[in-house]
Structures are given as structure tokens and as C-alpha cells.
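Inspection log for the structure reproduced underneath, given as C-alpha cells.
The values are calculated or read from the model by the stated rules, or taken from the named source; none is laboratory data. Note that this is a predicted model, so its numbers are computed, not measured. Every residue, glycine among them, receives a Cβ derived from its backbone with ideal geometry; neighbour counts consider all protein chains shown.
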Amino acid sequence: MDQVFNDFKIIEKPLLVNEAGLIIYYYTNWLAASNKSQYSFDVAYPGFSFSKDWLLISIEDVFASEKAYVDFVKKVKSKALPYLEEFFTEKNTDILNLFYIFMENDENYLPFFAGIFQNLNIFDLKDLTYERFKEVFDFCFLKFMGVELGDENHKDLASLIASKKKAFKENFLTLMAKLPYRDELSMNLVRSYSNTRSIYDRLLPLLEKLCEILKDKIPLLSKDLTNHFDHIREDDYKFIKDIIDQVGINSFLLANAKPLNVYSLCMAANMEMIQFMSEDLDFAFIKLGVFADKEKKSLGKLKLLNQYLKILGDATRIDILDLLMERSYYSKELSDKLFITPATLSYHLSQLHVCGFVGAYIDGRKTYYYLRKAGFKKIIEELSEFASNIREENHDQRE
């Protein structure tokens, strides 16, 4: 039997800076929503399914059976609102716009600046130095500019930083013409690189207020968090192992030979995020919303099928799968064959990864991608089960 990764480090302390970034994201999402007038900020929740895409819905509907959680979120957002309104004036429009830049313009994923917070694994604001902020900011900036960090296998943060230095030799103004974002947002992104210090300095006072609010209110979730941590540890970490198996990175984690840090999120209660080449000091980690396991149980099979079929319903992803039928490829080979940028390829591969359609392994200094039967078997089984329950009438017999 193949070796299964089994080295997990559960970290129960809340990531206050990450959580504060999620509050800011919810506010910017609320500001841009077309049905904003129907929901106050404290009850508004982004809609991510079917006809609700990017329309606000009520958190009381999403978490109808989780009264303590709804109470927690509403209190946090109510306390935060005056500071958010005070911050997002004309002088901080550049920061606001960074929350409206989405990879490949796909708004089903976190935007540029929310992604930075998602990769800052920091418990207390005092640890958020400019150097640490800048390091994560630069990696996210390169990713959204479509710059490839190279095909070498990055075994640690130092090797990533070395690749980053090479990448910054690119002419960003030339790259701007190829970006998929609106011209205003593309210019905003390019300017942010030289304005990072100013962005950091302006954000700190707001983050300080938000972290204080979170520190005061998180104890309201003590029971839910205890249940969450207990469930993670159940059956020898089965819930986490299932995620690793689905994404297909068991060999990656074994090669890394370090514990996988497992963090929890309060403000994004249904989120699952796994990172195996982190821009932060953690090289591999997973983040689970406090109700992530409940979300999987409650999400109907048709909705899960809808997600999988959406992933497969893209011509570029079908081309990737077609190539991987031949053999395993490393990323530069794939992007060259498909005539797409490394950033576009990374975006599509990440979606195929999440559904278990592709896996990755390390060979020498390169990361190779391959097709995984498990992902396809799962969707075939789900479709077969759905079809077996169809009560089909024979309309041909009717007159």
C-alpha cells in the first residue's frame, strides 16, 4: 500500500490578520453588490450558487441552524462598519480597487487583495511587519501580472524568493497589455507595486481596530470551535486526509517532509483552502472554516455535480486534459503547447486540482501534472446514482 501523509499540526489560535482581511473583503463585496439596498452590511452574505452568483443573500438564511455563529458575525460586522466607512473614502480608492481584481476575471474566487490576507498566517498584528507584508504582496502581484516563477521545484521559501528576484526583471508596462482586467484595474495593479509601503501604512490602523473587535468577539464561538477541532481529529484526521486525496497532493506533502499546519477560519465558515507552495513562511498549510465539514454534508449532490461539470465545461481545461492523456507534463510545456500564459494555466490547473481531475508530483527540479482516475470515477458514480433514481415514463407509448 502506498504511504499516506499523516503529519498534521492543529493550530487552534485564531489568525486575526487573515480574519480582518475577510471582514474587509465582505465590505468591498457588499459595496459593489447590485442588490446592496436589500441587506444591511451586518446580515449581508455573498451568494455563490446558481442564480445567486454575486448577489447578496442573508447570513441568517445561509446559517439558519447556527444561531451563535450568526450572532457572532453580525456583532463583528456591526462593530467594524464605522471603521470601514471611514477608511474607504476617495483617498483609499486604490486599495478598494485591489479588491475587485480577480484571476482571469473569475469572481467565484477571492480577489487579489483578499488573497494576500489569505496567505498571511499571522496571529497578532504586531507580527505583521512591512517586510512580511511585502513578501506576500510581491508573490501575489507576480501571479496576477501573469509572471511565471520558473519550473524548478521550490523546496523552501528561499528558493521561491530567488525565483521572484528573476521575475521582477520583467517589464510590467509591457505585460499590462496582456492582462484580462479593465484598464483602470490593470493600472491600479501595476501602481500598487511601487505604492506597497503606502498601502501597508494606511491599512495598519484599520487592521488594528478590526483585530481588536475579533479578539473580543471570537470567544462567542468557543463551543463551535471546540466541536470543529474535535471533528478534525476524528478517525485519525480522516476529514483532512479525504481533502488531500481529492486534490491529489499526497506525494507533494510526503516529499516536503514537514508537518501540515491546519488553521481554522471563523469569518469564512464554509471555506476549504489547501496550499502546498505558500507565499508565506508556512510552506504548506490547510485552512478550514469552522463549519467546512458540515458544508460538505449539507451540500446536495446535484450542487456538487454542478460544480464539477462547470469545471469540465471549459474548452481550455478540456485541452489540458487531452494533453495529459498522452503523458505527464510540467507547467511550461503545457503553457507553450496551449499558447496561454503561465498565470492562465495555473488558474485552470488549480480548478482541476480541487475536483481531483489532475494530480502533481515532483521529479528532479520540476513539478509534473497528470490525470487522476479518482476524480473522474467520482463524477461518473454520482451521475450514475442520479440517473438510477430517475423515474422515466415511456412517452412513445402515449397516443
Residue check for Lys155: modelled with pLDDT under 85, part of a helix (DSSP H, G or I) and surrounded by fewer than 18 Cβ atoms within 10 Å (Cβ to Cβ)
no
Pairs only if they're at least six apart or on different chains, beta carbon under 7 angstrom, first in the stretch 232-252 and surrounded by fewer than 20 Cβ atoms within 10 Å (Cβ to Cβ), second in a loop (DSSP other than H, G, I, E, B) and of a type in the set (A, V, I, L, M, F, W, C); list them, first residue then second.
Lys241/Val4; Asn250/Val4; Asn250/Phe5
Does Leu149 satisfy the criteria of being under 21 Å from Leu84 (Cα atoms), modelled with pLDDT under 95 and not in a helix (DSSP H, G or I)?
no
In the stretch 118-132, residues that are at pLDDT 95 or above and part of a loop (DSSP other than H, G, I, E, B) total 2
I'd like the residue in the stretch 133-146 that is outside any loop (DSSP other than H, G, I, E, B) and of a type in the set (A, V, I, L, M) and, out of all such residues, is modelled with the highest pLDDT.
Val136
Show the residue pairs that are 6+ apart or on different chains and have beta-carbon atoms under 7 Å apart, the first residue being within the stretch 123-146 and assigned by TED's automatic domain parsing to the domain that holds Ser192, the second being charged (D, E, K, R) and part of a helix (DSSP H, G or I).
Leu125/Glu208; Tyr130/Arg197; Asp138/Lys164; Phe139/Lys164; Leu142/Lys164
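Give the residues of the stretch 98-117 that are of a type outside the set (S, T, N, Q) and part of a helix (DSSP H, G or I), sorted by residue number.
So in the stretch 98-117, the residues of a type outside the set (S, T, N, Q) come out as 98-104, 106-107, 109-117.
Across the stretch 98-117, the qualifying residues are Met103, Glu104, Phe112, Phe113, Ala114, Gly115, Ile116, Phe117.
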Residue count for the stretch 223-237, restricted to those that are out of contact with any helix residue (DSSP H, G or I) (no Cβ under 9 Å at 6 or more places or on another chain) and closer than 18 Å to Phe72 by Cα:
2
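Tyr100 - would you say it is surrounded by 15 or more Cβ atoms within 10 Å (Cβ to Cβ), touching a Pro at 6+ places or on another chain (Cβ under 7 Å), farther than 19 Å from Val290 by Cα and modelled with pLDDT of 90 or more?
Numbers: surrounded by 15 or more Cβ atoms within 10 Å (Cβ to Cβ): yes; touching a Pro at 6+ places or on another chain (Cβ under 7 Å): yes; farther than 19 Å from Val290 by Cα: yes; modelled with pLDDT of 90 or more: yes.
When the stated conditions are applied, Tyr100 passes them.
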Gln38 being surrounded by fewer than 17 Cβ atoms within 10 Å (Cβ to Cβ), under 26 Å from Leu288 (Cβ atoms) and not charged (D, E, K, R):
no
Report yes if some residue within the stretch 313-333 is at pLDDT 80 or above, under 22 Å from Leu253 (Cβ atoms), of a type in the set (A, V, I, L, M) and in a strand (DSSP E or B); otherwise report no.
no
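To keep it simple, each residue is scored yes or no on (1) among the small types (Gly, Ala, Ser); (2) at pLDDT below 90; (3) touching a Pro at 6+ places or on another chain (Cβ under 7 Å); (4) closer than 16 Å to Lys74 by Cα.
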| site | (1), (2), (3), (4) |
| --- | --- |
| Val4 | no, yes, no, no |
| Ile11 | no, no, no, no |
| Leu15 | no, no, no, no |
| Asn18 | no, no, no, no |
| Thr28 | no, no, no, no |
| Leu31 | no, no, no, no |
| Ser40 | yes, no, no, yes |
| Tyr45 | no, no, no, yes |
| Phe48 | no, yes, no, no |
Residue pairs qualifying under the 8 Å Cβ cut-off, at least six apart or on distinct chains, with the first in the stretch 83-97 being surrounded by fewer than 19 Cβ atoms within 10 Å (Cβ to Cβ) and in a helix (DSSP H, G or I) and the second being modelled with pLDDT of 95 or more and of a type in the set (Val, Ile, Thr), are Asp94/Ile199
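Can Ser34 be described as over 30 Å from Asp236 (Cα atoms) and over 23 Å from the mean Cα position of the chain (by Cα)?
Values: over 30 Å from Asp236 (Cα atoms): yes; over 23 Å from the mean Cα position of the chain (by Cα): yes.
So Ser34 fits the description; yes.
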Matching residues in the stretch 57-80 - criterion: being in contact (Cβ under 8 Å) with a residue 40 or more places away in the chain and closer than 22 Å to Glu212 by Cβ
Ala68, Tyr69, Asp71, Phe72, Val73, Lys75, Val76, Lys77, Lys79, Ala80
Kindly check whether there is at least one residue in the stretch 52-60 that is at pLDDT 90 or above, in contact with a Ser or Thr (Cβ under 6 Å, 6 or more places away or on another chain) and outside any helix (DSSP H, G or I).
no
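Do we find a residue being at pLDDT 85 or above and more than 18 Å from Gln118 (Cα to Cα) anywhere in the stretch 286-293? Walk me through how you get there before you give the answer.
Step one: filter the stretch 286-293 for residues at pLDDT 85 or above, giving 286-292.
Next, from what is left, pick out any that are more than 18 Å from Gln118 (Cα to Cα): none.
No, there is no match, as no residue in the stretch 286-293 is at pLDDT 85 or above and more than 18 Å from Gln118 (Cα to Cα).
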Where residues in the stretch 186-198 are touching a residue at least 12 places away in the same chain (Cβ under 8 Å) and surrounded by 18 or more Cβ atoms within 10 Å (Cβ to Cβ), which of them is farthest from Asp106 (Cα to Cα)?
Ser192
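A quick yes/no check of all residues on (1) modelled with pLDDT of 85 or more; (2) surrounded by fewer than 11 Cβ atoms within 10 Å (Cβ to Cβ); (3) within 21 Å of Tyr330 (Cβ to Cβ):
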{"site": "Asp363", "(1), (2), (3)": "no, yes, yes"}
{"site": "Arg372", "(1), (2), (3)": "yes, no, yes"}
{"site": "Lys378", "(1), (2), (3)": "no, no, no"}
{"site": "Glu381", "(1), (2), (3)": "no, yes, no"}
{"site": "Glu393", "(1), (2), (3)": "no, yes, no"}
{"site": "Arg398", "(1), (2), (3)": "no, yes, no"}
